[in-house]
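The values are calculated or read from the model by the stated rules, or taken from the named source; none is laboratory data. Computed from a predicted model, the values in this text were never measured in an experiment. All Cβ positions, even for glycine, are placed from backbone atoms using ideal geometry, and neighbour counts span all protein chains on display. Just so you know, the surface numbers come from the protein's heavy atoms only, side chains and all, with ligands and any DNA or RNA stripped out. Shrake-Rupley method; radii C 1.70, N 1.55, O 1.52, S 1.80 Å.
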Amino acid sequence: MSSVAGNLTCVVAAVDGSEQSMTALRWALQNLKLRSPASDSTNAGSFVVLHVQSPPSIATGLNPGAIPFGGPTDLEVPAITAAIEAHQKRITEAVLNHALGICAEFNLAEPRIKTHVVVGDPKEKICEAAQDLNADVLVMGSRAFGPIKRMFLGSVSNYCAHHAQCPVIIIKGKDNVDKKN
C-alpha cells in the first residue's frame, strides 16, 4: 500500500502487548504520514501509542462477595490491591517499551511519538481516548477470535469500528488471515 500523504495530526495506535497490536503499530508507522513540522512545530503531527490498563477487579476477577464463615462482605485487602496495581504497572511499562522500540526502528521519538495510558474497559476507553485526543485515525490489531470466544469476550476491534468517532483501520496479522472465524 502506498503511504497516505501527510496531513494527519494525530494517529492513535492501540497496543495491548499482543503481536497483532504491534503489527498494527508497525503498519501505521510504515503507511501513515504525519503532518510535517512547521517552523513553529506546534502543528506537527504525532503518533500516540495508546494502552488500556484493566482495573484490578477486571484484571484478576476480584469481586469479593461475602466471605464464608461470616467475614466482611466488602473486603479489600490493600496489600493484594497494591501488588496487583504494581504488576499491572510493570506490564504497561513492558508493553509501552516494546512499542517505543518499534517506533525507534522507524527513527521516531518524542515529540512525534507520545504515549497515553488509560484504565478501564478497552472497548470503551479506546474510543474515548481517540475522541479526547482528536484522532484523525485509530489503528489497531485484530486477534481474530473464533465465534465462541467472540461471543463471550466480544471483539474490541469490532466495537471500535462501530463506535469510534474517527476512521478505524484494523490490521489483521498474517496468521489471522488464514484462520477461519
Scope the range 108-165; condition surrounded by fewer than 14 Cβ atoms within 10 Å (Cβ to Cβ), modelled with pLDDT of 95 or more and assigned to a helix (DSSP H, G or I); matching residues
Asp132
Would you please name the residue that is modelled with the lowest pLDDT, looking only at residues in the range 17-40 that are assigned to a loop (DSSP other than H, G, I, E, B) and either in contact with a Ser or Thr (Cβ under 8 Å, 6 or more places away or on another chain) or open to solvent by 70 Å² or more (accessible area, probe 1.4 Å) (or both)?
Ser39
If I filter the range 58-74 for residues that are modelled with pLDDT of 70 or more and either open to solvent by less than 30 Å² (accessible area, probe 1.4 Å) or among the small types (Gly, Ala, Ser) (or both), do I get at least one hit?
no
Taking the residues in the range 75-97 that are more than 15 Å from the chain's Cα centre (by Cα) and among the charged types (D, E, K, R) as candidates, determine which candidate is modelled with the highest pLDDT.
Arg90
